[in-house]
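The values are calculated or read from the model by the stated rules, or taken from the named source; none is laboratory data. None of the values given here were measured: they were computed from a predicted structure. Heads up, the Cβs are rebuilt from the backbone with ideal geometry, glycines too, and the neighbour counts pull from every protein chain shown. Just the protein is used for accessible areas: all its heavy atoms, side chains included, with ligands, DNA and RNA removed. Shrake-Rupley method; radii C 1.70, N 1.55, O 1.52, S 1.80 Å.
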Amino acid sequence: MFRNPLPLPVFALALACLTAPLTAQEERLSSALDDAHTRYGFPGATAAIALPDGSVVTAATGLADREAGRAMTPETPMLAASIGKSFVAVTVLALESEGRLSRDDLLSAHLGDRPWFDALPNARTITIDHLLHHTSGLPDHVHLPEFQRAWTGLAGGPNFDPEELIGFVTGREPLFEAGQAWAYSDTGYVLLGLVIEDVTGQAWREAVRTRLLDPLDLGGTVPSDRRDLPGLAVGYVDPDNPFGLPARTADAQGRLLWNPSVESAGGGFASTSADLARWGQLLFAGDAMEEPYLDRLLDGVPVDPDAPGILYGAGVAIHADTPRGPVWGHGGWIPGHVSSLRHYADHGVTVAFQINTDVGIADDTSDLVPALEAALADLAISLIR
C-alpha cells in the first residue's frame, strides 16, 4: 500500500475538493451538456458560462479520447481555431493605442518590401482595417483545393510557414476591390500576424501573450504551435474530409498527426471553455486592456447585403438584433475541433463551448452548434434572473 505523502488535514482537504458536490449552477450546465451529448452522440464537450459577478460556471461531458477511455473534464483544452482571431485583432488595436501602427495604414507600409508582396491581390490598396474586417478582397487559402491537397503532406512532415500560406493566394485575382465587399479570409489574418511581427520585433504569438494572455491571467490558453499539446482532447473527423485525414486526428499518445501551427495567425491557440468565457467577458466589458477600444472593436461592416443585422468588427462577429439582444463573439473550426464564444450584451453573460469532433458540423448537416448555442444562452440568462 502506498503511503499518503500529505499530512492528514491537507489530505482530507484535497479529498474533499475532489469529491465536492456540484453547485446548482454547475448541475444545470452539466445537465444541458449531457442532454446534447445524448441527443447528438458526439465524443465529448466542455462548456463555461461567465457571469457578471466574475464567477465562471463550468461543465464537461463524454470522452476526450474514445479509444483510451479518457474522460473529458472542464480543464481539457481543445484547439480554439478562429476564435484566435479575436486575440490577434485586439493585439493590433493595442499596437494602435501604443502609437505603433494605425488601422488606416496601407499594408504596403509594413510588408511592401517582401518579395511576394506585389503578387498579392489588391496589394497596393489593402489597409490594416481591411484585413481586420475581412474586406480586403483576398481569397481564403484554407478553402482552396491546392491547400487542402497540400495538408495531407503535413502528417509527420514539415509545416507551412506564414509566407508559404500566403503563397496559395499570390497571383490570383482579387474577389473584389479592397473595401467594397466582405469575404472571410484566414489569409488576411496570417498577414496581420506578419504585421504584428514587423511592428514589435516579436513573434506574433509572443506579442499576444505579453499584451493579453499574461496580464489577464488566461493560463489555460497556449500557443497551438506543436503536435504534442499537453492534455489536448483527441479530435474526430469524417473519414471523407477534404484534407485526407484519418477519422482520429491524433496518434495513440495523443499527439496530433499534423502541426496545428499551420493555422498561423488565422487561429493559433489551444484553450479551455473556461478561459474562452473569461476572455469574452473581459473583452466585451472593455477590460481586456487599459486603453479604450470597444468602439474600434465593435465598429462592424455588413457581411451580406441581405442580412443587415449581421456585422463583422475587428476579429468579432456581431449579431446586432436577436431575440436575446445583441450577440458578440466568434466561432472556431479546425479538423476535429469546434468552438463557440458568444457574449450576450444585454445580459452581461458570456458562453463558450468546445466539441472534439466536426462530423456533421463542417458540412452543416447537423444543427448541433446552433442548438447548443441557443440552449446554453437561455441557461446563462436564467442564471442571472
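So here's what we get for this one:
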{"read-out": "Pick from segment 98-136, criterion assigned to a loop (DSSP other than H, G, I, E, B) and polar (S, T, N, Q), ranking: nearest to V208 (Cα to Cα)", "value": "S102"}
{"read-out": "Residues located in segment 161-177, provided they are of a type in the set (A, V, I, L, M, F, W, C) and open to solvent by 20 Å² or more (accessible area, probe 1.4 Å)", "value": "F168, L175, F176"}
{"read-out": "Which numbered condition L95 misses (of (1) within 19 Å of the chain's Cα centre (by Cα); (2) in a helix (DSSP H, G or I); (3) not acidic (D, E))", "value": "(1)"}
{"read-out": "Unmet requirement for A119, which otherwise passes all of (1) free of Cβ contacts under 8 Å to residues at least 60 places away in the same chain; (2) open to solvent by less than 10 Å² (accessible area, probe 1.4 Å)", "value": "(2)"}
{"read-out": "Pair list, Cβ < 6 Å and 6+ apart or interchain, from segment 54-78 residues that are farther than 14 Å from L232 by Cβ to residues that are open to solvent by 60 Å² or more (accessible area, probe 1.4 Å) and of a type in the set (S, T, N, Q)", "value": "V57/Q25"}
{"read-out": "Residue identified as polar (S, T, N, Q), under 20 Å from the mean Cα position of the chain (by Cα) and open to solvent by less than 40 Å² (accessible area, probe 1.4 Å) among S108, S82, S136", "value": "S82"}
{"read-out": "Residue that is surrounded by the most Cβ atoms within 10 Å (Cβ to Cβ) [pool: residues in segment 230-246 that are out of contact with any Leu (no Cβ under 7 Å at 6 or more places or on another chain) and at pLDDT 95 or above]", "value": "A233"}
{"read-out": "Failed criterion for D306 (all others in (1) open to solvent by 30 Å² or more (accessible area, probe 1.4 Å); (2) outside any strand (DSSP E or B); (3) in contact (Cβ under 8 Å) with a residue 24 or more places away in the chain hold)", "value": "(3)"}
{"read-out": "Residues being surrounded by 22 or more Cβ atoms within 10 Å (Cβ to Cβ), part of a loop (DSSP other than H, G, I, E, B) and not β-branched (V, I, T) - total across segment 337-365", "value": "2"}
{"read-out": "Some residue of segment 197-220 being crowded, with 18+ Cβ neighbours inside 10 Å, in contact with a Pro (Cβ under 9 Å, 6 or more places away or on another chain) and assigned to a loop (DSSP other than H, G, I, E, B)", "value": "yes"}
{"read-out": "Segment 165-222: number of residues that are aliphatic (A, V, I, L, M) and touching a Lys or Arg at 6+ places or on another chain (Cβ under 7 Å)", "value": "2"}
